[in-house]
Every structure is written in structure tokens, then in C-alpha cells.
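**Student:** Below is a structure I'd like to ask you about.
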2 protein chains.
Amino acid sequence: MRWNLAVDRVPEAWFNVVPHLPEPLQPPLHPATNEPVGPDDLAPLFPMGLIAQEVTAEPWVDVPGEVLDVLRLWRPTPLVRATRFEQALGTPARIYFKDESVSPAGSHKPNTAVAQAYYNKQEGTKRLTTETGAGQWGSALSFASAVFDLECMVYMVRASYEQKPYRRVMIETWGGQVVPSPVDDPAHPGSLGFAISDAVRDAASRGDSHYSLGSVLNHVLLHQTVIGLEAKEQLALAGEQRPDVVIGSCGGGSNFAGIALPFVPDTGVRLVASEPVSCPTLTEGRFEYDFGDSVGMTPLLPMYTLGHDFVPPPIHAGGLRYHGDAPIICNLVRSGRIEAVAYPQGKVFEATVQFARTQGTIAAPETGHAIVAVVDEALAAKEEGAERVILFSYSGHGLLDLGAYDAYLHGHLTD
Amino acid sequence: MRWNLAVDRVPEAWFNVVPHLPEPLQPPLHPATNEPVGPDDLAPLFPMGLIAQEVTAEPWVDVPGEVLDVLRLWRPTPLVRATRFEQALGTPARIYFKDESVSPAGSHKPNTAVAQAYYNKQEGTKRLTTETGAGQWGSALSFASAVFDLECMVYMVRASYEQKPYRRVMIETWGGQVVPSPVDDPAHPGSLGFAISDAVRDAASRGDSHYSLGSVLNHVLLHQTVIGLEAKEQLALAGEQRPDVVIGSCGGGSNFAGIALPFVPDTGVRLVASEPVSCPTLTEGRFEYDFGDSVGMTPLLPMYTLGHDFVPPPIHAGGLRYHGDAPIICNLVRSGRIEAVAYPQGKVFEATVQFARTQGTIAAPETGHAIVAVVDEALAAKEEGAERVILFSYSGHGLLDLGAYDAYLHGHLTD
């Protein structure tokens with residue numbers, strides 16, 4: 001069963017969780033002065049429209065009409081009840097997922113890429129720079145740049161650039177330029193940290209360019225709340241009063257924020273963030289100020305962190321290999337409003353293969369971290385003999401991750 | 001703009017075009033006797049439920065409830081108006097596409113795979129065999145077999161098996177088995193003809209197995225008519241009385257049949273089949289009885305053919321590399337009800353890249369043959385200053401064909 005909303009039901013305002021936080025959000029700090037970072041510090045990299053969203057305390061922020069027009073290419077996304085998966089698990093739980101894989105780039109990432117490209121275009125930016133690991137975010141920004149007629153320069157981690165060419169081709173199909181990073185050392189396999197450095201340095205050195213980030217920051221999480229807002233309306237159509245638990249995978253936090261933040265004010269709704277045991281930021285990190293990147297160029301952010309020099313093992317859920325997490329998510333974990341769980345990737349693929357064989361669709365490894373947590377919730381409900389409404393974010397498809405499935409199916413996957 | 005139908009609007013009967021054909025359909029002939037092939041000849045390979053559909057003259061055939069339940073995992077598929085593409089072309093035409101890429105396997109193929117798996121399961125088949133070229137059909141049948149708990153054995157053209165592993169991994173993710181073909185010559189790169197031979201021989205030699213074909217046959221085309229039936233209802237929702245022209249790419253004919261056959265009785269609706277100039281079956285083939293496969297194992301079919309030993313060049317639209325075409329489609333081309341056009345692949349990719357940069361989604365090269373024909377119709381409407389309603393089948397996504405885009409974008413594509 002699926003619940004589709006008409007295109008005029010794309011949310012016309014983003015939900016800002018900041019007024020609902022149980023504890024005030026600590027500001028980012030300038031690493032040289034330890035003083036809060038101000039708008040002027042961010043102006044070389046971001047347009048004022050986004051900087052204003054980064055610090056706003058307004059409960060709702062209007063979505064510009066031009067952004068809505070583009071989101072309507074694929075939004076509202078379907079809400080699907082995973083009936084066949086429920087049957088396979090033998091659970092009394094009702095499992096719903098919000099299918100963000102239907103976007104052009106195949107994940108939730110374009111929700112913010114479109115908004116960021118729009119505000120940059122409005123303020124005269126000609127060119128955007130960004131980094132990408134496996135390529136999910138780079139392809140989303142290239143698509144958004146094509147729509148608003150901006151140049152797009154993507155610094156892609158060299159190992160991915162060479163071993164996973166398909167995301168590079170997507171970026172180029174939408175007209176973006178992509179180069180392997182680090183740019184000044186062709187022998188280096190690269191890392192997200194180096195790619196951020198390349199992209200920031202590029203944007204800061206040119207008057208026509210800005211930098212764009214795909215997760216972590218407040219305005220990025222804000223843009224993703226269309227996911228949860230639509231899901232609320234669709235759950236009502238499906239006859240559900242509210243979910244008992246909302247689940248999402250969590251790397252930098254933007255996907256989890258999208259599905260979960262609109263439910264923060266709702267009493268009785270548990271929120272569960274799922275991450276890899278090999279990069280256990282929320283479950284084992286320390287809450288402290290740390291750099292957002294690996295080389296120490298960004299402001300200091302108040303977050304759970306494994307240390308900005310932490311190098312996670314090369315697991316297949318590349319989007320979850322981040323040493324820190326969005327300050328808003330960390331704030332809510334710290335206060336107990338969000339629970340965090342962690343899984344090894346073998347269990348993740350076991351769950352996604354079962355999902356594929358019942359529901360049909362093949363999920364991204366990142367999304368698999370939500371699916372395996374759903375399995376545990378559904379089996380707990382079965383054990384208790386209790387009805388339970390589970391909502392999760394199907395954040396992306398795995399069609400460009402089939403090499404990982406190959407490794408799992410042939411026993412070559414390590415945890 | 002998109003028009004979604006509720007899940008209870010999946011068509012509950014398939015549309016049979018046979019009673020509407022301007023000339024009677026000639027029967028397939030047994031190659032040894034030149035006599036029409038009867039149900040007994042087909043029984044070793046197909047269940048009686050499908051054999052009955054192959055010869056029925058009933059105007060509608062009920063879709064079993066168990067098939068509807070599975071189709072509803074992704075159907076009804078959206079009808080989308082390509083507003084941004086219209087604007088880029090500067091055309092007064094209104095362009096709509098039916099998005100079949102949202103199925104688990106990423107194309108229209110599961111529409112018939114599910115029905116075929118169901119009828120086989122009903123009649124006690126334990127195991128299905130089939131061939132696949134690049135892997136689109138093999139993955140669709142593996143998915144359908146998973147749903148109905150059948151074993152699935154796919155003979156995959158060896159060159160694709162080795163060079164395009166992702167479709168193989170999809171087949172395995174859904175639990176199917178896949179082996180390179182020809183099975184008895186590991187040095188041979190293989191061809192669809194050899195793979196058919198392997199699959200037919202396997203099914204015929206075992207009492208527990210049947211064979212399954214993804215196109216050409218009457219019952220396969222019948223199952224695909226859900227595409228056009230849904231599109232009719234959605235066009236009405238969009239306020240359109242009828243399309244002026246319906247366009248689809250055409251290889252074996254199942255995708256084109258799906259979108260076009262329900263419009264055959266509708267006066268004033270042009271039907272345009274688009275094929276590659278490198279495999280110009282409908283535009284340059286001869287109408288005569290010929291074998292359906294390359295090695296001469298199948299019945300003789302009345303169709304346009306380039307000769308069953310014709311070997312098309314290795315273009316990227318692998319699904320359109322077939323020497324013949326479905327007898328029903330050929331019948332309608334011969335009578336003038338269907339028009340046929342042909343395009344070189346360079347023009348195809350030019351159109352699909354323009355589509356990707358305006359609408360967002362990256363189409364399969366097969367689907368690109370429809371898009372380039374849409375461009376010509378839209379530009380003709382512009383030249384005439386005439387309104388025109390264009391409907392086409394977006395038969396599949398190109399996410400596993402990005403190597404072809406890479407070749408095009410970097411100037412390595414030949415026509």
C-alpha cells in the first residue's frame with residue numbers, strides 16, 4: 001500500500017526544531033578566538049539567505065516558490081506500508097517507510113541541494129564548489145546546479161573517483177565538473193577531509209563562487225524536514241494517529257533530521273538514530289567542541305565526536321563514515337529525546353536482502369542501517385505481542401552500491 | 001506536475017488488442033511442418049494459463065488478485081508532465097510521460113514477470129529459466145520468482161556477465177541463479193540467441209521447470225497494457241481528452257505495446273514506435289515468417305525481420321537489439337496503424353542528456369529512443385505553432401547504463 005499526496009501538498013514551510021529544543025543550542029566557535037562565529041565569518045562561503053536560516057529561531061521558514069517548483073519534480077514522495085516485509089517478520093507492527101529514493105539523484109540529498117542552489121543564484125553566485133565521498137551529495141548538487149544554471153565543481157575523494165565511476169558520470173551528465181581530490185597529490189587516495197579543504201579553498205579564493213555542504217549544518221537539516229512533514233500528513237491518510245517510533249540512519253544527520261525533527265514536539269513518539277558500529281559517533285563518541293572537517297579548517301562545532309582525526313574503516317555505507325554529527329541531533333541525543341543504536345554491516349545487509357526479497361526494492365547500505373533497526377523494533381513488538389507503528393526513512397536506493405551486495409552475497413564482507 | 005492514482009486503480013483487466021486488429025493475426029508455424037503451432041506444442045515450456053492468453057480473442061482478460069497485490073508494490077506508476085523539458089524545447093506541445101522506471105527492477109519488465117511467475121506457480125512449476133542480455137529481463141524475473149517462491153535460473157550473455165556485473169548482482173540479490181552463456185563454451189562471448197537456446201534446453205529437459213520470455217509473445221504484450229490503461233485515466237485527470245501522439249521505444253515490442261495498444265481503437269491518436277538505425281527492424285526489415293531466436297529453435301513468427309542471423313552492432317540500447325519484433329506490433333505497422341521511426345544513438349544521448357538537465361532523471365538508452373522522437377514531435381508542433389499532446393513511455397532508468405553516458409559525454413560514442 002502506498003499513500004501519494006498531490007503535488008500541491010509539498011510543504012510550503014520548513015519546520016525549525018530550534019524553538020523546541022529542551023536545551024539551547026550552543027553556537028559554533030571560531031577556532032582562533034573561541035568566540036561564537038558570526039554571519040560575517042560565514043559570508044565568504046555562504047549566501048546571506050542560508051546564513052540567516054543557520055541562526056533563525058522562527059518556528060517555520062517559508063519555502064520559496066521557485067524551490068517548490070523544483071521539489072515538485074519528485075515530491076511529495078510516497079509513503080509506503082511494507083506489508084510483505086511485516087509478513088516475513090511475522091510482526092504485529094505496522095511498518096511504513098518514506099521513499100526518498102525516488103529523487104533524480106536517488107536519495108534525500110536533493111531536498112537541500114535545490115534550496116542551496118536557489119539562494120546562491122538569488123544572491124548572484126555563479127559557481128558552487130563542494131566535496132563528495134562516494135558521490136551521492138556531489139551528484140545531488142550537480143543536478144540542482146543544472147536546474148538553476150550554476151556552474152558546479154565537485155572535489156571527489158580520489159579512491160571513489162577511480163573505483164566508483166558511476167557517480168562521477170552522474171555529476172557530469174547534469175553538467176557538473178568533477179576532479180579527484182586531493183588535487184595537489186595524484187598519488188594520494190584522498191579522504192572527505194581533504195576534499196572539504198579543496199572545495200573550501202577553491203570557493204574562498206574566487207569572487208564568483210560559494211561553498212555548499214550536504215549535511216551537519218542547521219540550514220541543511222531545516223531543508224530536509226519536508227520528509228517528516230509529508231510523512232505526518234500521509235500517516236493520517238493511512239489512518240494512523242501517530243508513529244510509536246521513527247527510525248533513520250544517521251551519518252552527518254541530515255537524513256535522520258528530515259524524518260525525525262518534525263516529530264520532536266510529539267509526546268509518545270520515540271526517535272531512533274541508527275549508525276554503524278565501525279563509526280559509532282552517537283553511541284560511543286564524546287560530546288565536545290570539535291572541527292567539522294578532518295584538517296581543522298572549519299569552525300568548532302558542539303557535537304558528539306570520535307575526534308576529527310578519526311578514520312573509520314572503509315565500510316560500504318560511505319555516507320555514515322563521519323567522525324561527528326549535526327549539533328542539533330547531538331543536542332537532542334544528549335537530552336535524551338533521541339535514542340541511538342549501532343549495527344555491524346553484516347547484519348545490515350542481512351536485513352536489506354530480506355527487504356529486497358519481500359518488498360522488491362534494493363536499498364542503499366546507509367538506508368540498511370534504518371532497516372535493521374526496524375527489524376529489531378518489529379521483532380520486539382512480536383515478542384511483546386503488541387501493536388506498534390514504525391516509520392522509517394528509506395533514504396536512498398542501492399543501485400550504485402551493488403558491489404557491496406555482491407561482496408555480502410559471496411561472503412566477502414567484513415564487519 | 002504528476003498525476004498519481006490510488007493503489008485501487010491498478011487495472012483489474014488486461015486489454016487484448018486482437019479483436020481490434022485491422023487484419024487477422026497470422027499464427028506461428030511449426031518449422032518442421034509449416035502447420036500452425038498448437039497448445040500441445042507449447043506445453044513443455046509454458047503453463048496453460050499463459051498458453052490460453054497467447055491465443056485468446058476475448059477483449060479483456062482478468063488480472064488475478066494475487067498478481068494485483070504484487071503490482072501494487074509500485075503501481076499505478078506516475079504520469080508526469082515534463083514542463084521543464086517543454087520549456088527547454090520552446091514548444092507549445094504538452095509532453096506527458098508514464099514513469100515505468102519506478103518498479104523494483106527499474107523498468108516495465110516486472111509487469112509481465114510477475115504475471116508469468118504467478119501462472120507458473122499456480123500450475124505447480126518449481127523453477128523458471130530464461131535468458132538475459134544486459135540483464136534487465138533476468139533481474140525482473142528473479143524479483144518475480146522471489147515473490148512467488150520459485151527458483152530462477154538466468155542464462156546471461158557472457159560478455160555482459162563479465163563486463164556489466166551489476167545486473168548479475170541484482171539477480172542474485174533477489175535469490176536467482178545466474179550463469180554465463182553459452183554454458184558449454186567458456187571462451188565464447190555469447191549472444192541472446194545462444195542464451196535462449198541454453199534456457200529452452202534447460203526447461204525442456206526437466207519436469208519441474210518452465211521457460212519464460214520477456215517480450216514478443218502475445219501474452220507478454222497483454223500483461224504490459226496496464227501501462228496504457230493507467231495513462232488514459234491519468235490523462236483524463238490532467239484534463240486532456242486524448243493524446244495526439246503516443247510514442248515508445250521498440251525492441252521486441254513489449255514496452256511499446258504497453259503504452260500504445262490501449263489506444264489502437266481511438267481515432268485520431270497516432271502511434272509511433274522508435275527503434276535504432278543500427279537495428280531497423282520495423283523501418284527496414286522484411287515482413288515474413290522467421291525464427292524468434294538466432295539458432296532456429298522456436299516456432300516461425302509472422303513479423304518484420306532483419307533475418308534471424310542478423311547481428312546488430314553493440315549499441316548501448318541492448319534491449320532494442322532484436323532482429324524481429326512482436327507479431328502484434330508488426331501486424332499494426334503493416335496495416336499502417338503504427339508508424340515507425342529510427343534514430344542513431346548519438347542523437348538519442350543528446351536528447352536524454354537534455355532531458356536529464358531539465359527534468360532531472362537519467363533515462364535508459366532504450367527510453368532515449370522515445371525521448372528523441374518526442375523532441376522531433378515537439379519541434380514539429382513548434383514549427384506549426386500547433387498545440388499537441390504527446391504521451392510517451394519512460395520505460396526505464398539509466399542508472400546501470402552510466403558507462404554509456406560516460407562514452408557519450410567524453411566523445412567516445414559511435415553511431
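The values are calculated or read from the model by the stated rules, or taken from the named source; none is laboratory data. Everything numeric in this text was worked out from a predicted model, so none of it was measured. When we count neighbours, we look across all protein chains shown, and the Cβ atoms used for this are built from the backbone with ideal geometry, even at glycine. Ligands, DNA and RNA are excluded from the accessible area calculation, which covers all protein heavy atoms including side chains. Shrake-Rupley method; radii C 1.70, N 1.55, O 1.52, S 1.80 Å.
**Student:** Determine the pairs where a residue that is within 7 Å of chain B (Cβ to nearest Cβ) and under 17 Å from residue B:114 (Cα atoms), located within region A:357-371, has a partner that is open to solvent by 10 Å² or more (accessible area, probe 1.4 Å) and assigned to a helix (DSSP H, G or I) with Cβ atoms under 7 Å apart, the partner being 6 or more residues away or on another chain.
**Tutor:** A:357/B:146; A:359/A:84
**Student:** Right, next: Got at least one residue in region B:159-170 being surrounded by fewer than 24 Cβ atoms within 10 Å (Cβ to Cβ) and within 24 Å of residue B:66 (Cβ to Cβ)?
**Tutor:** no
**Student:** Residues of region A:1-59 being open to solvent by less than 60 Å² (accessible area, probe 1.4 Å), part of a loop (DSSP other than H, G, I, E, B), among the β-branched types (Val, Ile, Thr) and more than 14 Å from chain B (Cβ to nearest Cβ), which ones?
**Tutor:** Listed by number, the residues that qualify are A:17, A:37, A:56.
**Student:** I would also like to ask the following. Test of understanding: among A:287, A:291, A:256, which residue is of a type in the set (A, V, I, L, M, F, W, C) and within 15 Å of the chain's Cα centre (by Cα)?
**Tutor:** Checking each option against the conditions leaves just A:256.
**Student:** In region B:176-195, how many residues are open to solvent by 50 Å² or more (accessible area, probe 1.4 Å) and touching a strand residue (DSSP E or B) at 6+ places or on another chain (Cβ under 8 Å)?
**Tutor:** 6
**Student:** Here is a further query. Among the residues of region A:305-332, which ones are open to solvent by 30 Å² or more (accessible area, probe 1.4 Å) and more than 27 Å from residue A:398 (Cβ to Cβ)?
**Tutor:** Result: A:308, A:309.
**Student:** So residue A:149 passes all but one of these: (1) touching a strand residue (DSSP E or B) at 6+ places or on another chain (Cβ under 7 Å); (2) at positive phi. Which condition number does it fail?
**Tutor:** Condition not satisfied by residue A:149: (1).
**Student:** Picking from A:199, A:236, A:204, A:260, which residue would you name as being touching a residue at least 24 places away in the same chain (Cβ under 8 Å), hydrophobic (A, V, I, L, M, F, W, C) and open to solvent by 30 Å² or more (accessible area, probe 1.4 Å)?
**Tutor:** On inspection, the qualifying residue turns out to be A:204.
**Student:** Of the residues that make up region A:271-287, is at least one within 21 Å of residue A:311 (Cβ to Cβ), among the polar types (S, T, N, Q) and either open to solvent by less than 10 Å² (accessible area, probe 1.4 Å) or in contact with a helix residue (DSSP H, G or I) (Cβ under 6 Å, 6 or more places away or on another chain) (or both)?
**Tutor:** Yes, the conditions are met somewhere in region A:271-287.
So that you can scan it fast, the table gives a plain yes or no per residue for (1) among the charged types (D, E, K, R); (2) touching a Phe, Trp or Tyr at 6+ places or on another chain (Cβ under 8 Å):
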residue: A:208; (1), (2): yes, no
residue: A:221; (1), (2): no, no
residue: A:224; (1), (2): no, no
residue: A:231; (1), (2): no, yes
residue: A:273; (1), (2): no, yes
residue: A:283; (1), (2): no, no
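**Student:** Continuing with the same structure: For residues that are farther than 20 Å from residue A:256 by Cα, open to solvent by 10 Å² or more (accessible area, probe 1.4 Å) and in contact with a helix residue (DSSP H, G or I) (Cβ under 9 Å, 6 or more places away or on another chain), tally how many sit in region A:360-385.
**Tutor:** 3
**Student:** Given region A:258-317, what strands (runs of 3 or more DSSP E) lie entirely inside it while holding 3 or more residues that are out of contact with any Ser or Thr (no Cβ under 9 Å at 6 or more places or on another chain)?
**Tutor:** A:270-276, A:300-305
**Student:** Under the condition of being open to solvent by 10 Å² or more (accessible area, probe 1.4 Å) and β-branched (Val, Ile, Thr), which residue from region B:333-352 is nearest to the other protein chains (Cβ to nearest Cβ)?
**Tutor:** Among those residues, the one meeting the criterion is B:341.
**Student:** Could you grab me the full set of residues in region A:135-190 that are modelled with pLDDT of 95 or more, part of a helix (DSSP H, G or I) and hydroxyl-bearing (Ser, Thr, Tyr)?
**Tutor:** A:139, A:142, A:145, A:173
**Student:** Let me ask something additional. Take the residues in region A:70-85 that are closer than 14 Å to residue A:104 by Cβ and assigned to a helix (DSSP H, G or I), then tell me which one is farthest from the other protein chains (Cβ to nearest Cβ).
**Tutor:** My answer is A:71.
**Student:** Determine whether region A:339-347 contains at least one residue that is touching a Leu at 6+ places or on another chain (Cβ under 7 Å), at pLDDT 95 or above, charged (D, E, K, R) and outside any strand (DSSP E or B).
**Tutor:** No, region A:339-347 has no match at all.
Yes or no, residue by residue, for (1) under 20 Å from residue A:14 (Cα atoms); (2) in a helix (DSSP H, G or I); (3) open to solvent by less than 10 Å² (accessible area, probe 1.4 Å):
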position	(1), (2), (3)
A:87	no, yes, no
A:91	no, no, no
A:95	no, no, yes
A:104	no, no, no
A:112	yes, yes, yes
A:115	yes, yes, yes
A:124	no, no, no
A:128	no, no, yes
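**Student:** While we're looking at this one, here's another question. Please find, within region A:386-399, the residue that is nearest to the other protein chains (Cβ to nearest Cβ) out of those that are assigned to a loop (DSSP other than H, G, I, E, B) and crowded, with 24+ Cβ neighbours inside 10 Å.
**Tutor:** Ranking the candidates gives A:398 first.
**Student:** Hey, any hits in region B:186-195 for a residue that's out of contact with any Gly (no Cβ under 8 Å at 6 or more places or on another chain), away from chain A (no Cβ under 11 Å) and within 26 Å of residue A:357 (Cβ to Cβ)?
**Tutor:** no
**Student:** If the Cβ limit is 6 Å and pairs must be 6+ apart or interchain, which residue in region A:156-168 that is within 11 Å of chain B (Cβ to nearest Cβ) pairs with which residue that is part of a helix (DSSP H, G or I) and open to solvent by less than 50 Å² (accessible area, probe 1.4 Å)?
**Tutor:** A:166/B:402; A:167/A:139
**Student:** A further question follows. State the number of residues belonging to region A:279-314 that are touching a Leu at 6+ places or on another chain (Cβ under 9 Å) and aliphatic (A, V, I, L, M).
**Tutor:** The qualifying residues number 2.
**Student:** Which of the residues belonging to region B:400-415 are surrounded by fewer than 18 Cβ atoms within 10 Å (Cβ to Cβ), part of a loop (DSSP other than H, G, I, E, B) and within 14 Å of chain A (Cβ to nearest Cβ)?
**Tutor:** Answer for region B:400-415, where residues must be surrounded by fewer than 18 Cβ atoms within 10 Å (Cβ to Cβ), part of a loop (DSSP other than H, G, I, E, B) and within 14 Å of chain A (Cβ to nearest Cβ): B:410, B:411, B:412.
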